[in-house]
1. For region 47-160, list the helices (runs of 4 or more DSSP H) that sit wholly inside it and hold at least 2 residues that are in contact with a Ser or Thr (Cβ under 6 Å, 6 or more places away or on another chain); which are they?
2. I need a count of the residues in region 52-66 that are open to solvent by 10 Å² or more (accessible area, probe 1.4 Å) and either in contact with a Phe, Trp or Tyr (Cβ under 7 Å, 6 or more places away or on another chain) or not assigned by TED's automatic domain parsing to the domain that holds L93 (or both).
3. Could you grab me the full set of residues in region 21-45 that are under 20 Å from the mean Cα position of the chain (by Cα) and either within 16 Å of the ligand (Cβ to nearest atom) or open to solvent by less than 10 Å² (accessible area, probe 1.4 Å) (or both)?
4. Every residue in region 209-233 that is assigned to a loop (DSSP other than H, G, I, E, B) and open to solvent by less than 30 Å² (accessible area, probe 1.4 Å), please.
5. Within region 89-120, how many residues turn out to be over 15 Å from the mean Cα position of the chain (by Cα), open to solvent by 10 Å² or more (accessible area, probe 1.4 Å) and under 25 Å from T24 (Cα atoms)?
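The values are calculated or read from the model by the stated rules, or taken from the named source; none is laboratory data. Since we're looking at a predicted model, the values are computed, not measured. We place every Cβ from the backbone using ideal geometry, glycine too, and count neighbours over all the protein chains shown. We work out accessible area using only protein heavy atoms, side chains counted, and drop any ligands, DNA or RNA first. Shrake-Rupley method; radii C 1.70, N 1.55, O 1.52, S 1.80 Å.
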Amino acid sequence: MSTTNQTHEAATLPSKNTPLKLTTRQTPTPGPNELLIEVHALALNPVDHHQRDTGFFIQEYPAILGSDVAGVIISSGPLTRATMKPGTRVTALASSFFNAGADYGAFQRRVLVPEETVAILPDGYSFVEGAVFPLAAATTWNGWVWAGLKPTATTAQVQVSASAEGVFVWGASSSIGALAVQEAKLMGFAVDEDVLGQIVRAAGVDGVRIRIGYHATGDQQLAADVLHALRGEGQGEKSKLAIAPILDPGLKVPDGVEAAFVYPPLDRVELKERSRAIFVDWLEGKLAGRQVVASPRIKVIKGGLGSVNEALDELKAGVSCLKIVVEL
Ligand SMILES: NC(=O)c1ccc[n+]([C@@H]2O[C@H](COP(=O)([O-])OP(=O)(O)OC[C@H]3O[C@@H](n4cnc5c(N)ncnc54)[C@H](OP(=O)(O)O)[C@@H]3O)[C@@H](O)[C@H]2O)c1
């Protein structure tokens with residue numbers, strides 16, 4: 001709903017399986033616990049072209065897709081967060097996926113976001129860099145939390161006294177995997193860049209126990225089998241493999257391993273709490289301390305909202321170690 005006469009530009013999806021089209025929309029007024037953001041950069045994700053082409057999870061057309069923005073706060077409704085003032089640089093999960101309607105999708109010049117999915121972006125990060133974090137942070141942490149870890153975890157909390165604990169990240173060439181590696185390191189886990197052989201050797205030689213895996217991309221069966229191998233003869237709780245992509249229907253989960261698709265809490269209250277833990281407690285602090293870097297390598301598209309459709313085609317054709325960000 002708009003109570004102003006202002007308008008803004010948007011890359012709109014008119015109907016299923018059509019190209020995004022530049023349109024002008026009424027600028028909405030933020031309600032309670034909402035912020036209106038002037039978007040300076042937006043990052044693309046695989047789900048965006050999937051939604052564009054298949055209509056996945058779209059309630060009504062015209063629709064505005066996209067999840068990742070960085071920009072500046074323009075205005076807000078009543079908030080619980082005193083630091084969220086007009087003019088503040090922020091990065092935010094702006095998803096029409098979880099919030100009803102086109103006012104909440106990222107691919108537009110002004111977007112509404114709930115205050116709990118926003119983190120202050122310090123001056124040391126450009127808007128382009130800031131835009132890569134939101135969906136990756138939410139997706140990685142939704143998986144880690146399912147596996148028993150917390151965004152507020154410290155080394156002391158995740159490492160068990162005598163025996164070293166480990167986790168593995170499968171597919172660090174993806175955006176999700178690249179951030180998952182940074183998070184694992186910040187939680188106190190050692191990072192070893194070699195793959196399977198080294199993991200198994202390290203587990204055997206150094207007594208590292210690996211009971212948690214995060215699968216971002218690649219062969220799900222291999223990842224599950226590796227987690228099974230790393231389990232050894234151990235008893236007790238099952239090893240857990242969080243899988244970000246759609247589950248491979250042929251996946252045979254080995255004994256002693258539990259595998260699950262990564263998803264956010266379905267309950268609204270729980271979702272707000274989880275978002276707060278990820279964006280306010282974790283991401284904002286790590287950005288303030290410059291403890292996370294934008295990853296993987298960024299390709300900046302400077303053509304504005306009119307270039308989003310073509311940029312989505314480029315993402316769909318396949319990227320490796322690359323995040324596509326459109327600068328507005
Ligand atoms: N569950 C959730 O809530 C959630 C949220 C966000 C994303 N996801 C899913 O998580 C996965 C990773 O997302 P992301 O944003 O990190 O992906 P990404 O960075 O765009 O790409 C992931 C990797 O997939 C491979 N790849 C890319 N395009 C390909 C193509 N056309 N054909 C074959 N391989 C291709 C590349 O691996 P190589 O370098 O090995 O070639 C690339 O590094 C995706 O499946 C995404 O849909 C899930």
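1. Values: elements: 127-130, 134-146, 155-158.
Once the helices (runs of 4 or more DSSP H) in region 47-160 are filtered for at least 2 residues that are in contact with a Ser or Thr (Cβ under 6 Å, 6 or more places away or on another chain), what remains is 134-146.
2. Qualifying residue count, region 52-66: 1.
3. Matches in region 21-45: L35, I37, V39, A41, L42, A43, L44, N45.
4. Result: A216, single match.
5. Adding up the residues that qualify gives 10.
To keep it simple, each residue is scored yes or no on (1) within 15 Å of the ligand (Cβ to nearest atom); (2) closer than 24 Å to A180 by Cβ.
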position: A82; (1), (2): no, no
position: V90; (1), (2): no, yes
position: A100; (1), (2): no, no
position: D103; (1), (2): no, no
position: A106; (1), (2): yes, yes
position: V111; (1), (2): no, no
position: E115; (1), (2): no, no
position: D123; (1), (2): no, no
position: A131; (1), (2): yes, yes
